[in-house]
Amino acid sequence: MNAPLREQEVAAASGTLQLFALFHLNLAFSSIEEEQRSEVIARCYWPLLRLAEKFGPIGIEATGFTLEEIEARDPSWIAYARALIDSGRIELIGSGYAQMIGPLVPARVTEANLKLGNETYERLLGVRPAIALVNEQAYSAGLVGLYLDAGYKALAMDWDNPGAAHPQWHGETRYLPQRALGPDGRSIGIVWTNTVAFQKLQRFVHRDIEAGPYLDYIRGQQSATRRALCIYASDAEIFDFRPGRYKTEEKLTGASEWLRMEDAFAQLSARYEIVAPSDVLALRDTAHAGQTLRLETPANPIPVKKQRKYNLARWAVTGRDDLGINAACERIYRGMVAKHADAAAWKELCVLWASDNRTHITETRWAGLCDRLRAAEAKWSSPLPAPAPTPQGNTIECRNIDVATPFVAARLDRRRGLALATVQFANHERPALGGLAHGHFDDIALQADWYTGDCVFEAPGEHKITDLEWCESRRWQDANGDTLVHGRIDTAKGPIDKTLRFCAREPRIDFDLTFHWNDWGKGSLRLGHITLLGDAFDASRLSLITQNGGHAAERFDLAGETIEHGAPVSFLVSSSQGLGLTEGWAEIGDDRTRIRVEIERQVAPLLGLLTHRVSNGALFCQLMLSALELDDTRKPMAYAPGPRRFCFSIVGIPA
């Protein structure tokens, strides 16, 4: 990178564009084996310290777990990093003890993760960071309060996806510090990272582009006003080392990539001011800075980094068996709370819930993870709900099954696998959910039969598999007066047992499903399909409320929104958004009529997928519960082989 520096370039750039960088250190990287960690420290982390010494201040973000792993293998690195922090050449950026996806775990787990991370930073590096990088850039508004309570002043968050979801934001917004609004009314500072900028630097260092195009890109970010640009906010382990995650990784050429990185910083520091990430906050009084923004939208409730293939499903319901290991973590968590677990147990849970266990984890590490999960379950796990009762009563011959209790009346369609044709809760004025017949909508895209309570599996290039078939059914009452209906539906992958409980003492329907499938394969499995009946709701006042990792519930107003969380991104990625439902519930409805959906997370922490639109004045709104999605991380391998159980409920609540 030897392009000559022109004096007029220096004059034009002076004071108008500040550059900052932060490097992400992660020895739990999914495709790095444990025995490779010392090599990563030598090849990647030591050169990073030398880069910071020459060209700092540079941000370094690491989990507490990573720092402990470095300390165990090379304590001199910790000492040198601490000295560079003391001299101002490094700014420590926080993460937590482990890299976990905040919008997918209960708030109390993230609180523990941030607390343990801060304690580790102070013990090893003598400092508590002021800025945190949102793990995997998976942001929800509910996280704002947790970071504030942990002592953080600001978050580093990807610009591209929140920016794309808010085209009304002024163009300067992306270059200046802002504030993110949480659901409890508090806000936290935001420093934007930039996907294109960090990928440009990666490409230069990997010799995919040369100096001229790279410098032209940086020069193009200048303006007559003050701006800040994050030139890097990604992995350190991809320079002079290849994790082996992708076949498309650039090959090592033998020439030092860290020397090429130094060349980049030398040229950039000659043209622009390189500042610490926290220094960007000083621009908050600039025009278009310091705005209090909602980063999320109903269509994009949890913004995530980079391209659309990265979405919440990636860590919830894909991987080898994300749903299985997340359910195990939920059971461990509940047992730990009940038994007042110590700090060591919380550290272990944070590691078990880390994002890297849910993506491209190697087979060796997967086996080790399963062993650790089983050991933690044996010590802490909370009990599962009682199994579904054995079916009783005579076989039902008619197509429709009518059920009535003091709190709920419903019609089930035995021809459609016990799908709910209509549901009337006692505290609602009229039926609020059920089925919509073919032709209900004028829009050709919606001209199909829509159900409530059904299951659909879809795989690329194959016919979909559903439970919308005739089923052998039985109905009976238990000692509490609840009415139960059971059906067994045969499918191409194996039978599905479905038990519905219609409660006699509250407006509630419980679903208990067991899939006797040996082959789960690669595809999507969506359950429930809770379909609102438009006549029961005022579409202009419809909202969805849930918790996505925080203590405070998040509200999404749906009027005027077109939402399709379950829309595929490509043939490889089956969904585009999702809802974490981290405390096991979501509510949807208007000021008069609301439906609450509850899931048993310790059985299966299902992902929420919302579809919403108004077509020619007719409302179509459906909440699905996803048990499986498809993406590039999917490598079927069950944590606990055997039948799979899913439990969720639909509750009618007054507004």
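Bear in mind that the values in this text are calculations on the coordinates, not laboratory data. Predicted, not measured: the structure shown is a model, and the values here were computed from it. Note that we place each Cβ from the backbone using ideal geometry, even for glycine, and neighbour counts take in every protein chain shown.
Taking label points 7 Å from Cα along the Cα-to-Cβ direction, Thr16 and Ala459 give a separation of 5.7 nm. Taking 7 Å steps out from each Cα toward its Cβ at Trp169 and Lys54 produces label points 3.4 nm apart.
State the antiparallel share, in %, of DSSP beta bridges confined to the chain, rounding to the nearest 5. Among the beta bridges of the chain, antiparallel pairing accounts for roughly 75 percent.
Exceedance of the 26 Å cut-off in Cα-Cα distance is limited, within the set Lys115/Lys306; Lys305/Lys339; Lys54/Lys115; Lys306/Lys347; Lys309/Lys464, to Lys115/Lys306; Lys305/Lys339; Lys54/Lys115; Lys306/Lys347.
Annotation: for a label point projected 7 angstrom from Cα along Cα→Cβ of Lys306, residues of the range 126-167 with backbone N closer than 13 Å are 136-138. From least to most packed, judged by other beta carbons within 10 angstrom and beginning with the fewest, Thr514, Thr562 follow the order Thr562, Thr514.
If R0 is 41 Å, the Cβ-Cβ spacing of Ala504 and His438 corresponds to a FRET efficiency of close to 0.75.
In degrees between 0 and 90, to the nearest 10, how far off the longest principal axis of the chain does helix 343-352 point, with axes built from Cα atoms? Here the helix axis deviates by roughly 80 degrees.
Pair-distance distribution of the range 7-295: all C-alpha pairs, bin width 5 Å, starting at 0; shares per bin in whole percent are 1, 5, 12, 17, 19, 17, 14, 9, 4, 1, 0. Note on the chain: helix-only mean residue ellipticity at 222 nm, from DSSP H runs of 4+ residues weighted -39500 (n - 2.57) and normalised by residue number, equals -7500 deg cm²/dmol. Angle between the Cα long axis of helix 257-271 and the longest principal axis of the chain, 0 to 90 degrees, nearest 10? Tilt relative to the chain: about 70 degrees. Just need the relative contact order of the range 53-127 here, percent rounded to a whole number, with Cα pairs under 8 Å and 6+ apart. The normalised contact order for the range 53-127 reaches 40 percent. The ranking of Thr362, Thr66, Thr390, Thr195 by Cβ neighbour count inside 10 Å, starting from the fewest, reads Thr390, Thr362, Thr195, Thr66.
Centroid-to-centroid, using Cα positions, the range 28-106 and the range 434-455 are 52 Å apart. A simple count of charges around Gln392, restricted to other residues whose Cβ falls under 10 Å of its Cβ and scoring Lys, Arg +1 and Asp, Glu -1, yields +1. The stretch between Asp591 and Thr362, if pulled fully straight at 0.36 nm per residue, gains 77.5 nm over its current Cα-Cα span. Residues of the range 383-398 falling in the label zone of Trp476, defined by backbone nitrogen less than 16 Å from a point 7 Å along Cα to beta-carbon, are 387-396.
Seen from Asp263, the other residues with C-beta closer than 12 Å to its C-beta sum to a net charge of 0, counting Lys and Arg as +1 and Asp and Glu as -1. What is the diffusion coefficient of the range 400-654 in µm²/s, taking the Kirkwood radius over Cα pairs and the Stokes-Einstein relation at 4 °C with a viscosity of 1.567 mPa s? My calculation gives 70 µm²/s for D.
Of the GluC sites (Glu not before Pro) in the range 19-51, the ones in a loop by DSSP (not H, G, I, E or B) with at most 16 other beta carbons within 10 Å are Glu33. Note on Asp216/Leu293: beta-carbon distance plugged into 1/(1 + (r/R0)^6) with R0 of 25 Å gives a FRET efficiency of 0.25.
Between the Cα long axis of helix 107-125 and the first principal axis of the chain there is an angle of about 20°, rounded to the nearest 10.
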